[in-house]
Amino acid sequence: MRDTRNIVILTGAGISAESGLATFRGPDGLWEGYRVEDVCTPEALRRDPELVLGFYDARRAALGAVVPNAAHAALGRLDAEWKGGLLIVTQNVDDLHERGGAKRLIHIHGELLSALCRACGGREAFAGDMIDGPACASCGADALRPDIVFFGEIPYEMETIQDAVSEADLFVSIGTSGAVYPAAGFVRIARAAGAETLELNLDPSEGSHWFGESRTGPASVLVPEWVDEVLARQG
Ligand code: NAD
Ligand code: ZN
């Protein structure tokens, strides 16, 4: 087994499911009762801003009722104790990784607790509601939108992420369906660079065959077990 120094972890909605947040495409193909095209695209925001802002206002409000689970806490512990390189890339827009103690973290798809100004492009920490909400603190325009990367928009910090993935010795994907690109392609970059690859998911995902190893089960069980293993390797 190759010496493990650099770890990259990709997480998706499945890691927050046991905290009570719905995953993206439930069995009915909807996210919290909405069609993805109606709430997750720039066209939807232009067509019906009240619907889109209201949808994300509700998701933001829901954060107050949930807490990190054992999987988030285990990654927080790994971040504190792992002496090598580590990057946690989350597709989640919730703040449960932060509350679980993760520091080396990138929100590739944006975050609920941030606002993006359509007028000046500024991003700022945001709590509360955007419908009838405040103006942009930087430019004063009444133009705040959720700081969420919609379908068709460019994910955040791609260069940093791609560099980390191509330098990874170990790439681990947790609770993601492997259906949303470019994140779904990271495993192939990691493999091509010679990394060990591991998937932890409730069921085998669409991309399972790309991983050297796949373990199935709830994140709250699999992630703490894996963190114990990897920290034991560090000695
Ligand atoms: P997804 O819903 O497409 O896939 C979730 C995956 O998690 C599935 O493969 C499912 O089998 C697995 N899963 C469900 N419960 C699990 C558990 N307890 N333990 C382990 N795995 C479990 O989500 P995705 O792949 O993250 O992709 C879609 C997009 O949805 C992301 O871009 C994200 O921005 C957005 N999203 C975020 C949140 C959030 O922030 N919590 C919630 C919903 C959607
Ligand atoms: Zn502004």
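Among the residues of region 134-159 satisfying the criterion of being touching a residue at least 60 places away in the same chain (Cβ under 8 Å) and either out of contact with any Lys or Arg (no Cβ under 7 Å at 6 or more places or on another chain) or within 21 Å of residue 97 (Cβ to Cβ) (or both), which is nearest to ligand 2 (Cβ to nearest atom)? Before you say what the answer is, go through the steps one by one.
As a first pass, look at region 134-159 and keep what is touching a residue at least 60 places away in the same chain (Cβ under 8 Å): 145-146, 148, 150-153.
Narrowing further to those that are either out of contact with any Lys or Arg (no Cβ under 7 Å at 6 or more places or on another chain) or within 21 Å of residue 97 (Cβ to Cβ) (or both): 146, 148, 150-153.
On the way: 146: 14, 148: 17, 150: 19, 151: 24, 152: 22, 153: 18 Å.
Among them, the one singled out is 146.
Restricting the search to region 123-142, which residues are within 22 Å of the chain's Cα centre (by Cα), open to solvent by 20 Å² or more (accessible area, probe 1.4 Å) and either hydrophobic (A, V, I, L, M, F, W, C) or within 26 Å of residue 162 (Cβ to Cβ) (or both)?
Passing the criteria: 123, 125, 127.
Pick out, from region 56-170, the helices (runs of 4 or more DSSP H) lying fully within it that include 3 or more residues that are over 24 Å from residue 229 (Cβ atoms). Outline the logic, then answer.
Details: elements: 70-81, 96-99, 158-166.
By residue number, 158-166.
Yes/no per residue for (1) within 20 Å of residue 75 (Cβ to Cβ); (2) modelled with pLDDT of 95 or more:
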| site | (1), (2) |
| --- | --- |
| 130 | no, yes |
| 134 | no, yes |
| 159 | no, yes |
| 163 | no, yes |
| 182 | no, no |
| 192 | no, yes |
| 212 | no, yes |
| 215 | yes, yes |
| 222 | yes, yes |
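Look through 111, 124, 98, 50 and report the one residue that is of a type in the set (Asp, Glu) and within 16 Å of ligand 2 (Cβ to nearest atom).
Numbers: 111 fails: within 16 Å of ligand 2 (Cβ to nearest atom); 98 fails: within 16 Å of ligand 2 (Cβ to nearest atom); 50 fails: within 16 Å of ligand 2 (Cβ to nearest atom).
One residue alone meets the criteria, 124.
Would you confirm whether any residue within region 174-193 is within 24 Å of residue 5 (Cα to Cα), outside any helix (DSSP H, G or I), free of Cβ contacts under 8 Å to residues at least 40 places away in the same chain and away from ligand 1 (no atom under 12 Å from the Cβ)?
The answer is yes; a qualifying residue exists.
For (1) in contact with a helix residue (DSSP H, G or I) (Cβ under 7 Å, 6 or more places away or on another chain); (2) at negative phi, each residue gets a yes or a no:
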{"residue": "125", "(1), (2)": "no, yes"}
{"residue": "143", "(1), (2)": "no, yes"}
{"residue": "152", "(1), (2)": "yes, no"}
{"residue": "166", "(1), (2)": "yes, yes"}
{"residue": "186", "(1), (2)": "yes, yes"}
{"residue": "198", "(1), (2)": "no, yes"}
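Matching residues to (1) within 11 Å of residue 10 (Cβ to Cβ); (2) open to solvent by 70 Å² or more (accessible area, probe 1.4 Å); (3) within 18 Å of the chain's Cα centre (by Cα):
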| site | (1), (2), (3) |
| --- | --- |
| 166 | no, no, no |
| 169 | no, no, no |
| 176 | yes, no, yes |
| 184 | yes, no, yes |
| 193 | no, no, no |
| 200 | yes, no, yes |
| 210 | no, yes, no |
| 226 | no, no, no |
| 229 | no, yes, no |
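Return a yes/no flag: does region 71-91 have any residue that is among the polar types (S, T, N, Q) and surrounded by fewer than 22 Cβ atoms within 10 Å (Cβ to Cβ). Before the answer, list the steps.
Kept after step one, since they are among the polar types (S, T, N, Q), are these residues of region 71-91: 90-91.
With the extra rule that they be surrounded by fewer than 22 Cβ atoms within 10 Å (Cβ to Cβ), the set shrinks to none.
No, because not a single residue in region 71-91 is among the polar types (S, T, N, Q) and surrounded by fewer than 22 Cβ atoms within 10 Å (Cβ to Cβ).
The values are calculated or read from the model by the stated rules, or taken from the named source; none is laboratory data. Only a predicted model underlies this, so the values are computations on that prediction, with no experimental measurement involved. So basically every Cβ, Gly included, is an ideal-geometry build from the backbone, and we count neighbours across all protein chains shown. Note: areas computed on protein heavy atoms with side chains; ligands, DNA, RNA excluded. Shrake-Rupley method; radii C 1.70, N 1.55, O 1.52, S 1.80 Å.
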